[in-house]
Amino acid sequence: MGRRGPIAKSPELKMVQGNPGKRPIKERIEPEAGKVEVPAWLNEDARAEWKRLAPEMERLKLLTPLDAHAFAMYCDSYARWVSCERFLNENGL
C-alpha cells in the first residue's frame, strides 16, 4: 500500500503560503558550507569542468563538501566523454 494523504509541503513553501494549522514547521537541515577543493586525481579535462561549474554551484549552495566525490565523478565522466569524442573525431567510427 502506498502513502496516504497529500505529499507534505516543504518548510519554505509553508512559510510562503502560510501555516493555517499553526503546527510547528520543521527546520530544514542545511549541509555545512565550505570551499570544496579540486581532487588531485582529476585529469586536465576533468579539472577544467570542475573549474567551470564549481564556483556557480557553490554560490547557489548546490555544491558542498558532502557532494564533492559525486561531483568529481561527474567531472571524470565528462573528461572521459571528451576523450572519446576526440578519438572518434580523429579516427572515425
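With axes computed from alpha carbons, what is the tilt in degrees of helix 44-59 against the longest principal axis of the chain, rounded to the nearest 10 within 0 to 90?
Between helix and principal axis, roughly 20 degrees.
Within a Cβ distance under 14 Å of Asp45, other residues only, what is the Lys/Arg minus Asp/Glu net charge?
Within the 14 Å Cβ shell, the charges total +1.
Relative contact order (percent) for the chain, with alpha-carbon contacts under 8 angstrom and 6 or more residues of separation?
After rounding, I find 28 percent.
Over the Cα atoms of the chain, Rg to Rh with Kirkwood Rh, two decimal places? It would help to have the intermediate numbers written out before the result.
Working: Rg = 20.7 Å, Rh = 16.9 Å.
Computed over Cα atoms, the ratio is 1.22.
Taking the solvent-accessible surface of protein heavy atoms with a 1.4 Å probe, what is the per residue accessible area of the range 45-93 in Å²?
It amounts to 74 Å² per residue over the range 45-93.
Could you put Phe87, Phe71 in order of accessible surface area, largest first, with the 1.4 Å probe and the full protein assembly present? Walk me through the intermediate numbers first.
Values: Phe87 120, Phe71 15 Å².
Descending order: Phe87, Phe71.
The values are calculated or read from the model by the stated rules, or taken from the named source; none is laboratory data. Model, not experiment: these values are computed from the prediction. Positions of Cβ are generated from backbone atoms using ideal geometry, with glycine treated the same way; all protein chains shown enter the neighbour counts. Heavy atoms of the whole protein, side chains included, go into the accessibility calculation; ligands, DNA and RNA do not. Shrake-Rupley method; radii C 1.70, N 1.55, O 1.52, S 1.80 Å.
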